[in-house]
1. Between residue 156 and residue 302, what is the label-point separation in nm under the 7 Å Cα-to-beta-carbon projection?
2. Going by average Cβ neighbours within 10 Å, how do the peptides 135-144, 78-87 rank, with the highest at the top?
3. I want to check the label-to-label distance for residue 278 and residue 63. Put each point 7 Å from Cα in the C-beta direction and report it in nm to one decimal.
4. Expressed as a rounded percentage, what relative contact order does region 90-233 have, with Cα pairs under 8 Å and six or more residues apart?
5. For the chain, with a Gaussian network of springs between Cα atoms less than 10 Å apart, report the residue from 22, 188, 60 with the top mean-square fluctuation.
6. How big is the antiparallel share of DSSP beta bridges in the chain, given as a percent to the nearest 5?
7. Averaging over all projection directions, find the projected area of the Cα convex hull of region 108-176 and quote it in nm² with one decimal place.
8. Jot down the per residue volume, in cubic angstrom and as a whole number, of the convex hull over the alpha-carbon atoms of region 29-174.
Ligand SMILES: Nc1ncnc2c1ncn2[C@@H]1O[C@H](COP(=O)(O)OP(=O)(O)OP(=O)(O)O)[C@@H](O)[C@H]1O
Ligand SMILES: [Mg+2]
């Protein structure tokens, strides 16, 4: 885990809420979300399907259709609120200063063009260089992301690459303009386990070599365990727990985070039984009252279905949205979750 808080602030999300107006009603996809990303850091955003991880980052990329989407709050990129930019200005930032890679690298590569050409075109989109120079840059980028024999491979088509190699190509594509922020949305979900580890290692290496900040989105806490400096746990569009990765992995506070830790495939060998969280996330058309996790929470008590819990700040600086008294959490962590994980 890297040292926290060392680099300059790149991205500051403040009280972000996103609502979709749909035929069935208003979907409250993201509510009151705040976080900060600094240069050199990796922020892991973790939560089950539908928790608002992608939507909040699509807002940062300016990729939500504003005609039926209401966005409130601020997303400051190097001090500028990207939510206030005109499309034209946003287009200049997107792909250049803030780049994103997705789960399915096939979806973002054109099947009919050589990989090198697609990279070269991406270079030419924002830079006034010759075609030869753009091609050479494409080859360099393929080398940088660990494609063996890059000069020859640049002439291949996407289908000639394996899944892991295609994801490397997508990372190269994201790095074309040396972005300040790299957002990786479930970059390893479609890959098998050994390849997953290589891609995560690559993302960590490019973060250092390209000196950017990384947002790593995943449903699996295990994925961010090795590389994240900070972790944000989301549920039903809300922040549940947020803080330095070290604090989360050695002293998680929220029962939802405990559930994610207990269902982490990477600790399977150490835990006797892998325990999935029972039940499923709520509808965002009709979210439950109080803490959105309370219907599934083993530790719920009187206040949980009443007022929504605020984010409580702990002495170590990390935030959590749970009413359980700190002593009770400490006790539960020490006796159960932390003990099972071997980190108390
Ligand atoms: N365009 C849209 N219109 C209406 N609802 C939407 C739209 N896009 C997303 N949603 C809803 O917003 C919620 C959050 O979705 P989001 O894609 O951010 O979840 P996620 O955490 O990325 O999940 P996953 O792990 O499955 O990718 C979901 O309930 C989703 O159905
Ligand atoms: Mg998603």
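Only the coordinates and a few stated rules stand behind these numbers; no lab work does. Fair warning: this is a prediction, and the values are worked out from it, not measured in the lab. When we count neighbours, we look across all protein chains shown, and the Cβ atoms used for this are built from the backbone with ideal geometry, even at glycine.
1. Between residue 302 and residue 156, the label points sit 6.5 nm apart.
2. Going from most to least packed, we get 135-144, 78-87.
3. 3.7 nm
4. Here the relative contact order equals 30 percent.
5. 22
6. 60 percent
7. Mean orientational projected area (region 108-176, Cα hull): 4.0 nm².
8. In region 29-174, the Cα convex hull volume per residue is 146 Å³.
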